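Can you keep this structure in mind? I'll have questions shortly.
The values are calculated or read from the model by the stated rules, or taken from the named source; none is laboratory data. Small disclaimer: the values here were computed from a predicted structure and weren't measured. Ligands, DNA and RNA are stripped out before the accessible areas are found, and what is left, the full protein with its side chains, is counted by its heavy atoms. Shrake-Rupley method; radii C 1.70, N 1.55, O 1.52, S 1.80 Å.
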Amino acid sequence: MDDTQIKLPFGCTKGLPEGVQVAWGARMIAPNDLLWDRQGCAGGEEGGPERVKLLNWLGQGAGNAAREFCLVNRIGMGSSLIADGASDEVITLYEDEQGKIVGSPQGSHGYVYIAAWLKEAVA
């Protein structure tokens, strides 16, 4: 990742694809407790159409699908077979034709760091 790559205020910046211009990130308490004050966007303008479109996509089901995946698979928990709390692996939590959501415990033993973006926002 070079210095021009966006950095999320919270979340899995290392999971962002090269060239992404707008993304959203969060730090959840494992496996799926999303806190309102541990999430935010990077890139684009605050309140701009790119961010609005991304947040709408998340709010219309993609975000809940990713959280459900984390819950069912116990991502970030000691009993997870996919990514336990010691894992540093970035895994896909949800993907459709519009966007992608990835996450990683990042070795935190209790959190899941998330990144989401729309595919059209990758140059």
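Against the longest principal axis of the chain, how steep is helix 63-73, in degrees 0 to 90 to the nearest 10, with axes from Cα atoms?
Tilt relative to the chain: about 20 degrees.
How much of the accessible area of the chain, in percent, comes from carbon and sulfur atoms when a 1.4 Å probe is used?
49 percent
So for region 78-119, considering every pair of alpha-carbon atoms, how many percent are separated by more than 14 Å?
On the way: 384 of 861 pairs.
Looking at region 78-119, the distances longer than 14 Å represent 45 percent of pairs.
Kindly provide log₁₀ I(q)/I(0) values, in the same order as q = 0.12, 0.19 Å⁻¹, from the Debye equation applied to equal alpha-carbon scatterers of the chain.
-0.38, -0.94
Moving on to the next point. With a 1.4 Å probe and every protein chain left in place, work out the accessible area per residue of the chain in Å², rounded to a whole number.
Details: 6410 Å² over 123 residues.
Accessible area per residue: 52 Å².
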